[in-house]
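The values are calculated or read from the model by the stated rules, or taken from the named source; none is laboratory data. Remember, predicted model here, so these are calculated numbers, not experimental data. So basically every Cβ, Gly included, is an ideal-geometry build from the backbone, and we count neighbours across all protein chains shown.
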Amino acid sequence: MKVRLFTSVILLVLGAATAEAQMDVQFADYTALKSYYNPAVSGADGMLSVSGAYSMQMMGYEDAPATMYVGADMPIYFLSPRHGGGLSLLSDRVGMFTTTKISVQYAYNAKIGLKGRLAGGVSMGMLSEKLDGSKVKLEDVNDPAFPTSAVDGNVLDFNAGVYYTMPNLWAGASVMHLTSPTVTAGEKYEVQFPSSYFFMGGGNIKLKNTLLTLQPSLLVMTDWQTWREDVQCKVVYEYEERKLYAGLGYSPDVSTTFMLGGVFHGIALGYSYQMYTSGIGMVNGSHELVVGYKTNLDLFKKGRNMYKSVRWL
């Protein structure tokens, strides 16, 4: 649920120059976009991973939120497979507000125990905020509380996280907006980004004598004032190079999510529909499309470059 637009408009109406962005983007299929939430995921599986998502939220409302994300990460082999790096771009539009963030990521992972790996990661990016005053419809066009044209500003932003994996289990914790930055747009408008904390976990449960695997997962998001919990489970069918899945997610007092997807010619495609269970209503839900691709890209080992993998976890 996006709160930023409504909070900011109220503050501007009251004549305040500072607004607060109150929750970061929450993707429905969060397990397919783990590196968005946690920089420690970068290069953790030893593969080049490219992912993208587009989310259209609260359909049917004018100026409804729309979010686009593109990210890529891989091991940094010329240093060591223990090092990982990545790049990401996020564009989030809500009414008169557009938030853009371009980030670079770094992670280091080490073996823990016989089969586990623990990674720590950080990211640094340029966070930009644009307020387009031309989209505001006012009776008094000279109201000084609102900008009459587009104003923007930017600031450095930092994320950090840890990530632990085993063959059939994973968990992570991360924080976005580590320094709680404030973007100054124009001469007098400010938008604050409080720190957001994410706790994630999930696993694989192979059903005996079948080609099916259950993938339950959990995501908790908080700024210590507002909480959101998402629980989901995917049923995955996998045979040779064929892979299909269906899933169901639930966020208490927020939404129920339905997911479908699979791997087609090496490209992972997923669609989610998030149906709100309170406030907005079931019809005006959110549509989300996720695309992903993974491949080995160890340039220092012959014959490894073109090997493809569609393993998701």
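Worth a mention:
- Of residues in segment 121-160 being hydroxyl-bearing (Ser, Thr, Tyr) and at pLDDT 90 or above, the one farthest from Asp92 (Cα to Cα): Ser123
- Per-region count, segment 37-84, residues hydrophobic (A, V, I, L, M, F, W, C), closer than 23 Å to Leu118 by Cβ and assigned to a loop (DSSP other than H, G, I, E, B): 5
- Met47 under 24 Å from Tyr245 (Cβ atoms), within 12 Å of the chain's Cα centre (by Cα) and in contact (Cβ under 8 Å) with a residue 12 or more places away in the chain: no
- Segment 228-242, residues that are of a type outside the set (D, E, K, R) and exposed (fewer than 11 other Cβ atoms within 10 Å of the Cβ): Tyr239
- Test: residue in segment 184-199 that is in contact with a helix residue (DSSP H, G or I) (Cβ under 7 Å, 6 or more places away or on another chain), closer than 13 Å to Pro39 by Cβ and assigned to a strand (DSSP E or B): yes
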